[in-house]
Each structure stands twice: as C-alpha cells, then as structure tokens.
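Working notes for the structure below.
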C-alpha cells in the first residue's frame, strides 16, 4: 500500500498538485507580505547586525580596561579559561575531609617509619 498520496492529500498545503483557487475578490498581492514585509525583515537584520557589533565592541573595551587596571595594580591580568589555584579556608578543608570520611570511611593512618640506628651499612651483613 502506498501511503504517499494519502499523506500528501492530508497535510496542510496539499503537498503537491494544483494550487488552490483564491476566493473571489482576493488577489495574490493581497495575501503576501510584499515589499513592506521584505523591507521590515531587512531592517530587523540590519539592526541586529548593528547591535551585535556594538556589543562586541563594548565587550572588547571592558576587557581592555580590566587588563589596564590589573597592570596598574601590579597584578597579572586574568584571562577567561585560565586555571588558577583555588584558595580554601581551614573550615572548608575540614568540611571536605569530613565529607570524604562520611562517604569513604576514615582515612588510613600510615605506620611511622621504623627507627633507624646509627649503624654503618657497610658493617651490617646483607639479608638473604
């Protein structure tokens, strides 16, 4: 069974075949956007381009001013995406340790290293 003719006859617009006739008294120019619609769309596109360019210019200017302020303050300027060392407080560190112990159990304590004597290694016989 071929469903293509059935689906094209049900879909809006007919999907092919002859164009439907207009009601009496309507003209093709009466139902299309015409030159006014084209000019309005062109105006919106031009305004969008102007706004995006202005936004890019302002963003670039703000970044440049931030770099100048950082240099004047003696700091190294930060750039987006730069990885910097995070500083955490002692309370945050205790909280992290407590959360890790709650999740994984207490951390094992390593045995201290055995006490060494002041013997010369050349005098002790090698173990076999």
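Where does each of 61-69, 29-37 land if you order them by average Cβ count within 10 Å, highest first?
61-69, 29-37
In Å³ and rounded to a whole number, note down the convex hull volume per residue for the Cα atoms of the stretch 33-79.
Spread over its residues, the Cα hull of the stretch 33-79 gives 43 Å³ apiece.
What FRET efficiency do you get for residue 63 and residue 39 if R0 is 35 Å and r is their Cβ-Cβ distance, rounded to the nearest 0.05?
0.45
Quick note: the coordinates plus some simple rules give every number you see, no bench work behind them. All values reported here derive from a predicted model rather than from experimental measurement. Heads up, the Cβs are rebuilt from the backbone with ideal geometry, glycines too, and the neighbour counts pull from every protein chain shown.
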